[in-house]
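The structure under discussion appears below in the form of structure tokens.
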Amino acid sequence: MRTIVRPQYDVLRARLLAPAGHIQVVAGPRQVGKTTLVRQVMARLGRPVHFASADAPAPPDPRWIDLQWDLAERLGGEGGVLVVDEVQKVRAWADVVKARWDDDRAHGRDLRVVLLGSSPLLLQRGLTESLAGRFEVIRMAQWSWPEMRDAFGFGLDDYVRFGGYPGAAPLVADPPRWAAYVRDALIETTLSRDVLMMTRVDKPALLRQLFDLACACSSQELSYNKMLGQLQDAGNTTTLAHYLDLLSGAGLVSGVQKHAGEVVRARGSSPKLQVHDTGLVTSQLGGRLDPRAEPEVWGRLVESAVGAHLLHTAPPDGIAVRWWRDGHDEVDFVLQRGARVTGLEVKSARTGSLRALTRFQERFPGARAVVVGTEGIPLEAFLSRPAGDWL
């Protein structure tokens, strides 16, 4: 494995070395390298650092943050750094951080603070409620195709099949073992420790069923009523929408909304289920997928890989990711930033009409049309560039 320094490395380092800064929040799902990246920065920063983790069976109480803060300030030196990992697990963490940060600023103390968290929804709640104006967020996601290629020698088919979890990559030679690791160490840990233990979920069985359904139906539109029809635990559409938001905040699956040119109509549409990493889908199959033997499943995985790449690279540039359909004409993904719109059609085989893209451009004059895959932009080239390059 070659050591990979992710793009967020330079961002975090520059912000910590700036004359005056904010609290730096590194947020993203489990096992994507948040802690490794921060340790890489700290090792080369040239400043005293105190690192503490709240990832314990019994979450620390708020006084624990006060203790870590005191230890960091006793290190001495100019511009010391306090790093707190899994900060969202400390009750009332944001109130304590706010009080200590404001006190430091009032007394001229220059302690830099980095907070890491694997539950973006809970982090965002604490940040917006208590730390408004005091923080900057650095978002991390599963690894990209070039990162997995350079670090682990993944071919393109490997990436589509196994996804971008670096911790699971050394196990891909043994697909059943790889699949068990993803299910037990990534999926189950995220659901049980980052969602169910940290957020009120009245129907945990329904949440788990919804995740399984989203993996089985990734890249497909599914109305909430249809979802209810396929789930065993009783619920309602409001509950499902809330649980889908929780899964999205945990970096597992999202519901991509339909592009309608009107925000209200888009939000009220049936979502297109989309995993954040194709390894989540393949792990449910035991890792035994053979792309040559199951072309239909492979086609959905390819589309899901494109969708995951867009979900990771579009939001930092202020780009909305949606999909579009009119009658029988459907465009897989739509990118929009302001008045600029691009329709994306994913082709993993040589068959298939591009009529839907033509209809899309007729419906939205000035929109750009992009074909990804067969007879279009090669998949490897598309997955190597951010979403903004296609607007």
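The values are calculated or read from the model by the stated rules, or taken from the named source; none is laboratory data. Keep in mind that what you see is a predicted model, and the values were worked out from it rather than measured. Note that each Cβ is placed from the backbone with ideal geometry, even for glycine, and that neighbours are counted across all protein chains shown.
Below is a table of values for the structure above.
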| read-out | value |
| --- | --- |
| Meets criteria (within 21 Å of Pro29 (Cα to Cα), in contact (Cβ under 8 Å) with a residue 60 or more places away in the chain and under 30 Å from the mean Cα position of the chain (by Cα)) for Leu131 | no |
| Residues of region 140-166 classified as more than 18 Å from Arg300 (Cβ to Cβ) and of a type in the set (D, E, K, R), total | 3 |
| Of all residues in region 43-63 being in contact with a strand residue (DSSP E or B) (Cβ under 8 Å, 6 or more places away or on another chain) and not aliphatic (A, V, I, L, M), the one that is farthest from Gly79 (Cα to Cα) | Asp55 |
| Residue tally, condition in contact with an Asp or Glu (Cβ under 9 Å, 6 or more places away or on another chain) and among the hydrophobic types (A, V, I, L, M, F, W, C), over region 306-341 | 6 |
| Top-ranked residue in region 307-360 [being among the acidic types (Asp, Glu), outside any helix (DSSP H, G or I) and within 27 Å of Gly251 (Cβ to Cβ); ranked as nearest to the chain's Cα centre (by Cα)] | Asp332 |
| Residue under evaluation Arg288, criteria (1) surrounded by fewer than 21 Cβ atoms within 10 Å (Cβ to Cβ); (2) modelled with pLDDT of 90 or more; (3) among the charged types (D, E, K, R), criterion not met | (2) |
| Any pair with Cβ under 6 angstrom, 6 or more apart, that starts in region 205-219 at a residue that is over 12 Å from Leu280 (Cβ atoms) and ends at one that is outside any helix (DSSP H, G or I) and of a type in the set (Val, Ile, Thr) | Leu207/Val201 |
| Residue in region 372-384 that is farthest from Val341 (Cα to Cα), counting only those that are under 24 Å from the mean Cα position of the chain (by Cα) and in contact (Cβ under 8 Å) with a residue 12 or more places away in the chain | Glu380 |
| Every pair of residues 6+ apart whose Cβ atoms lie under 8 Å, when the first sits in region 9-22 and is touching a residue at least 60 places away in the same chain (Cβ under 8 Å) and within 16 Å of Arg139 (Cβ to Cβ) while the second is in a helix (DSSP H, G or I) and among the aliphatic types (A, V, I, L, M) | Leu12/Leu37; Leu12/Val38; Leu12/Val41 |
| In region 1-21, residue nearest to Leu127 (Cα to Cα) [restricted to those that are surrounded by fewer than 18 Cβ atoms within 10 Å (Cβ to Cβ) and of a type in the set (D, E, K, R)] | Arg15 |
